[in-house]
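Chemist: Structure provided below as structure tokens; questions to follow.
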Amino acid sequence: MGPLELGLPARTPADAELPARVRIWEVGPRDGLQNESSIVDVSVKLEFIDRLASSGLSIVEATSFVHPQWVPQLADAAELLAGLRRHSGVSYPVLVPNEKGLDRALESGVSHIAIFGSATESFARRNLNRSLDEQYAMFEPVVTRARAAGLAVRAYVSMAFGDPWEGVVAAEQVVTVGKRLLDLGCSQLSIGDTVGVGTAGQVDAVLGGFVAAGTPLDALAVHFHDTYGQALANTLAALRAGVSTVDSSAGGLGGCPYAKSATGNLATEDLVWMLDGLGIEHGVRLNALADTSAWMAERLGRPSPSRVVRALRG
Ligand code: HMG
Ligand code: MG
């Protein structure tokens, strides 16, 4: 039987320009679900997270401690964390925008948080109700207090390639904002194509800009939405540039309620298929993951947008 009949891609010899191992940062329960208009029961979210961890994912971004009226789908964050069956060796980061969110996250016993800044003025106002400058003032005490409490802190920089209100975003602007967020004391910066408009040349330019500005590549991650079908090509460009942490969402769920036209994230299964073909380690069992996404698609009442899930389970 050939590899395709087994549900596996053909594996090519290792490519010295690519990392030997990729760390997949699963965002399905947070980015994947935050935009769903009908509220998903907390028991379904808990089973989803449990199944994701069981399929070998070691980082599962679980929820957000944002204002419940801004993102009603994640208003159950405290209940969710209280019910979480924690797998050993798995981290469950949560999004935290401000000190109120941090207080709530600390009460729930989290050990890993992510702040989320914007590269553009327009999105900072729409997503955070703050100006670009005010966003740093909001995040600064969050990062300081979180680090003092021993938490790991990631930062996102959104609208890193294009913004629906401001158009193409210059790489220099992304590097300036991203470095400022990292300098607050974050250990990693995830570069977000919130509306999925970026292309591979822009990825090279933005990553090259960070490298030229002295940011180590292992402090960078990439976060692509797949609106224009570029997410996997952009990921390959990032891997070739030396990034080895990639965000993705099981089944390709996702979108941002405050970003017009944002669709799902890069599907974790599509990423895993490509990594398998390239002989890059990732630790995820594709079949278990595709089963989970097919199960979740049934709960949401529509087919998974992931091409690999549809090919394997359609
Ligand atoms: P605000 O209205 O400016 O908040 O919202 P405020 O500081 O003026 O406070 C107003 C009231 O809200 C106060 O209550 C606060 O206590 C309360 P009052 O005193 O009036 O009774 N409050 C809170 N309650 C619960 N939890 C909180 C909280 N904060 C304040 N954390 C805020 C500012 C940042 C809170 C709001 O804009 C917000 O929640 N925004 C989040 C939007 C969001 O979650 N967007 C999606 C995530 S980002 C994304 O998806 C992009 C990403 O995937 C990367 C990419 O794709 O590029 C990460
Ligand atoms: Mg996102």
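The values are calculated or read from the model by the stated rules, or taken from the named source; none is laboratory data. A quick note: this is a predicted structure, and the numbers were derived from the prediction, not measured. Glycine gets a Cβ as well: all are built from the backbone with ideal geometry, and neighbour counts include every protein chain shown. SASA here: full protein model, heavy atoms, side chains in, ligands and nucleic acids out. Shrake-Rupley method; radii C 1.70, N 1.55, O 1.52, S 1.80 Å.
Chemist: Answer yes or no as to whether Gly101 is in a helix (DSSP H, G or I) and under 16 Å from Ala62 (Cα atoms). Walk me through how you get there before you give the answer.
Modeler: Values: in a helix (DSSP H, G or I): yes; under 16 Å from Ala62 (Cα atoms): yes.
Yes.
Chemist: When the residues of the stretch 116-149 are filtered to those that are among the β-branched types (Val, Ile, Thr) and assigned to a helix (DSSP H, G or I), which remaining residue is farthest from ligand 1 (Cβ to nearest atom)?
Modeler: Residues of the stretch 116-149 that are among the β-branched types (Val, Ile, Thr), as a first pass: 120, 142-144.
Keeping just the survivors that are assigned to a helix (DSSP H, G or I) gives 142-144.
Details: Val142: 10, Val143: 15, Thr144: 17 Å.
The selected residue is Thr144.
Chemist: Mind listing whichever residues of the stretch 158-214 are away from ligand 1 (no atom under 16 Å from the Cβ), in contact with a Ser or Thr (Cβ under 8 Å, 6 or more places away or on another chain) and part of a helix (DSSP H, G or I)?
Modeler: Lys179
Chemist: May I pose another question? How many residues are over 21 Å from Glu107 (Cα atoms), open to solvent by less than 50 Å² (accessible area, probe 1.4 Å) and not hydroxyl-bearing (Ser, Thr, Tyr) when one looks only at the stretch 26-85?
Modeler: Final tally of qualifying residues: 16.
Chemist: Determine whether Glu79 is of a type in the set (Asp, Glu), farther than 17 Å from Asp247 by Cβ and near ligand 1 (Cβ under 9 Å from one of its atoms).
Modeler: In short, no.
Chemist: Quick one: which residue in Thr176, Thr194 is surrounded by fewer than 21 Cβ atoms within 10 Å (Cβ to Cβ) and modelled with pLDDT of 95 or more?
Modeler: Only one candidate passes the filter, namely Thr176.
Chemist: Restricting attention to the stretch 205-228, report how many residues are under 26 Å from Gly255 (Cβ atoms) and open to solvent by 50 Å² or more (accessible area, probe 1.4 Å).
Modeler: 3
Chemist: Please verify whether the stretch 258-276 includes one or more residues that are more than 19 Å from the chain's Cα centre (by Cα), in contact (Cβ under 8 Å) with a residue 60 or more places away in the chain and farther than 19 Å from Phe48 by Cβ.
Modeler: yes
Chemist: Mind listing whichever residues of the stretch 239-255 are within 15 Å of ligand 2 (Cβ to nearest atom) and surrounded by fewer than 24 Cβ atoms within 10 Å (Cβ to Cβ)?
Modeler: Thr245, Gly255
Chemist: Kindly evaluate Val243 against the criterion of being part of a loop (DSSP other than H, G, I, E, B), touching a Leu at 6+ places or on another chain (Cβ under 9 Å) and either within 26 Å of Arg180 (Cα to Cα) or among the β-branched types (Val, Ile, Thr) (or both).
Modeler: On the way: part of a loop (DSSP other than H, G, I, E, B): yes; touching a Leu at 6+ places or on another chain (Cβ under 9 Å): yes; either within 26 Å of Arg180 (Cα to Cα) or among the β-branched types (Val, Ile, Thr) (or both): yes.
Yes; evaluated as a whole, the condition is true for this residue.
Chemist: If you don't mind, another one. Tally time: how many residues in the stretch 286-314 are open to solvent by 80 Å² or more (accessible area, probe 1.4 Å) and in contact with a helix residue (DSSP H, G or I) (Cβ under 8 Å, 6 or more places away or on another chain)?
Modeler: Going through the stretch 286-314 one residue at a time, the tally reaches 5.
Chemist: Specify the residue that is most open to solvent (accessible area, probe 1.4 Å); the eligible residues are those in the stretch 89-110 that are small (Gly, Ala, Ser) and out of contact with any strand residue (DSSP E or B) (no Cβ under 7 Å at 6 or more places or on another chain).
Modeler: Top of the filtered list is Gly89.
Chemist: What is the residue count in the stretch 13-25 for residues that are modelled with pLDDT under 80 and open to solvent by less than 100 Å² (accessible area, probe 1.4 Å)?
Modeler: 1
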